[in-house]
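The values are calculated or read from the model by the stated rules, or taken from the named source; none is laboratory data. Everything numeric here is computed off the predicted structure, so don't read it as measured data. Reconstructed Cβ throughout: ideal geometry from the backbone, glycine too, with neighbour counts over all protein chains shown. These accessible areas exclude ligands, DNA and RNA; they are computed on the full protein's heavy atoms, side chains included. Shrake-Rupley method; radii C 1.70, N 1.55, O 1.52, S 1.80 Å.
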Amino acid sequence: MTRHLFFYGTLRDVETLDTVMGPYAEVIEASEATLPDHAVVEVMGEDYPVIVACQGAMARGVLASNLPQGAVERLRYFEDEFDYALETRTVHTADGPSEAEVFFVRGDHLKIGGSWDFEGWARTHQAAFVECARELMALYGQVPDKDVDRIWPGIRFRAYARARARAERPAVIHRSGLSREDVEVKRTERPYVDYFAVEDLRLSHRTFAGQMQGPMDRAVFASGDAVAVLPWDPRTDRVLMIEQFRPAPLARGAQVPWLLEPIAGRIDTIETAEQTARREAEEEAGLTIGRMDALPPFYSSPGCLTEQMSCYIAEADLSQAGGVHGLDTEHEDIRSVLLDVADLRDALTSGEVENGPLIVLIQHLLIHHDRLRSAWG
């Protein structure tokens with residue numbers, strides 16, 4: 001038995017649909033269609049829409065006809081992550097009305113906004129969304145859909161990081177000129193996928209002498225990109241650091257797995273790095289930050305970690321800062337630590353600051369202290 005489905009959101013995009021369909025992509029028969037008395041609306045803070053009943057409105061989309069059951073099962077796996085379920089409606093096509101199944105969101109837990117702009121989504125989020133679909137559908141048949149909810153945030157962090165990386169235009173001044181075109185990735189496997197992932201790569205790359213070297217096996221820890229921000233009050237010349245428990249130093253055997261750090265967090269899907277910095281400052285320290293001075297983004301540990309870090313010195317009023325903050329839902333227990341800028345050098349030389357981004361931020365503030373105080377003070 002074949003089925004007919006109406007797509008009104010991200011699956012209108014050919015590349016996304018082909019990625020989800022996998023081996024069934026070539027059997028899709030798609031045509032433009034509309035669903036009367038329904039509207040496609042944005043989900044606030046997300047990169048996908050929902051469809052709702054709306055008298056007099058017209059939802060534009062695509063009718064996919066004669067889909068085999070295997071294709072529908074792949075669609076269910078993909079859409080279940082967005083908490084959708086199929087319902088039957090009558091859509092209009094150039095050949096007349098047709099019965100089709102439509103994915104409607106379950107319940108009313110999502111906060112919806114205005115009309116969803118497919119063309120705008122295609123310009124701003126399509127590349128990252130396809131990456132999300134690609135990693136998610138690679139798990140089809142391996143990870144049950146009931147377990148995808150847990151790992152979906154990590155999939156999105158990693159996908160958006162890959163999309164940002166493709167859009168970058170890095171400076172090549174002192175480097176050799178070798179690029180991604182000089183690397184042949186023969187295989188990528190993910191033996192571990194959760195909030196973080198481990199990726200096993202089989203690759204060859206060109207040497208500085210011009211020959212291809214390999215193949216070789218390399219493993220990387222894929223985590224998505226992150227931001228770090230050091231709030232500084234130019235009026236009192238104080239900074240705010242945080243202290244929290246960290247499992248990695250514990251796993252290494254550290255006797256004190258509580259570290260002094262900058263405020264930090266992973267870049268959420270549709271946020272910019274600066275927006276993430278502002279959100280994390282509120283969550284981790286109860287701060288509203290003002291002007292920001294950005295450092296060049298850098299890789300934390302490029303031999304094994306995909307994470308690119310964006311760091312900022314941020315203007316903040318620290319007169320009322322302090323206490324313990326964090327999100328209970330993320331089991332955060334974060335203590336604010338206030339320190340005079342005059343004492344930062346001693347904090348570095350004592351060895352108490354062991355967090356790499358914090359070391360970089362402190363040094364940046366010490367180097368640019370006069371410039372920033374003149375601009376912000």
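Quick look at the numbers
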| quantity | calculated |
| --- | --- |
| Total formal charge among the other residues, if their Cβ is under 14 angstrom from that of residue 238, Lys/Arg +1 and Asp/Glu -1 | -4 |
| Filtered chymotrypsin sites (Phe, Trp or Tyr not before Pro), the range 203-254: DSSP coil and at most 14 other beta carbons within 10 Å | 208 |
| Dipole in debye (nearest 20) - the range 204-309, about Cα centre, beta carbon charges: Lys, Arg +1; Asp, Glu -1 | 380 debye |
| Computed over the range 221-276: relative contact order in percent, which uses C-alpha pairs under 8 Å that are six or more apart | 39 percent |
| The range 272-321 - charge dipole about Cα centre, Lys and Arg +1 at Cβ, Asp and Glu -1, debye rounded to 20 | 120 debye |
| Most positive-pole-ward Cα, 241, 337, 310, against dipole of the chain from beta carbon charges | 310 |
| Surface per residue (accessible, 1.4 Å probe) for the chain, Å² | 52 Å² |
| GluC sites (Glu not before Pro) restricted to DSSP loop in the range 276-370 with at most 11 other C-beta within 10 Å | 352 |
| 12 Å beta-carbon shell around residue 333, net charge (K/R +1, D/E -1) | -3 |
| Of 207, 288, 272, the one that fluctuates the most in a GNM where the chain has Cα springs shorter than 10 Å | 207 |
| 54, 311, reordered so the largest accessible area comes first (probe 1.4 Å) | 54, 311 |
| Span-rule helices in the chain, defined as complete DSSP H runs reaching 15 Å or more along the axis (Cα) with Kyte mean at least 1.6 | none |
| Between the range 14-90 and the range 148-164, the alpha-carbon center distance in angstrom | 21 Å |
| Prolate/oblate/rounded label for the range 161-245 (Cα gyration tensor, a/c 1.5) | oblate |
| Relative contact order computed over the chain (Cα-Cα under 8 Å; 6+ residues apart), in percent | 12 percent |
| Largest to smallest accessible area among 310, 374 [probe 1.4 Å] | 374, 310 |
| Low-density loop positions, GluC sites (Glu not before Pro), the range 134-230 - DSSP coil, at most 14 other Cβ in 10 Å | 168 |
| For the range 253-377: relative contact order, % (alpha-carbon pairs under 8 angstrom, 6 or more apart) | 24 percent |
| Global geometry of the chain, whether rounded, prolate or oblate, following the gyration tensor of its Cα atoms and the 1.5 cut on a/c | prolate |
| Dipole moment magnitude, nearest 20 debye, the chain about Cα centre, only Lys, Arg, Asp, Glu C-beta charged | 1040 debye |
| Selected from 92, 325, 174 as most flexible by GNM, with the chain as the system and alpha-carbon contacts under 10 Å | 174 |
| Most to least accessible of 292, 58, 309 (protein chains only, probe 1.4 Å) | 58, 292, 309 |
| Protein accessible area in the chain, 1.4 Å probe - carbon and sulfur % | 51 percent |
| Within the chain, longest stretch clear of exposed trypsin sites (Lys or Arg not before Pro) (DSSP loop, no more than 14 other Cβ within 10 Å) | 1-105 |
| CD proxy at 222 nm, helix term only [per DSSP H run n ≥ 4: -39500 (n - 2.57); per residue of the chain; nearest 500] | -9000 deg cm²/dmol |
| The range 220-235-the range 254-286 distance, computed between alpha-carbon centres (Å) | 6 Å |
| Overall form of the range 314-377 per C-alpha gyration tensor (a/c, 1.5; a/b vs b/c) | oblate |
| Highest-MSF residue in the chain out of 230, 327, 35 [GNM, Cα springs under 10 Å] | 327 |
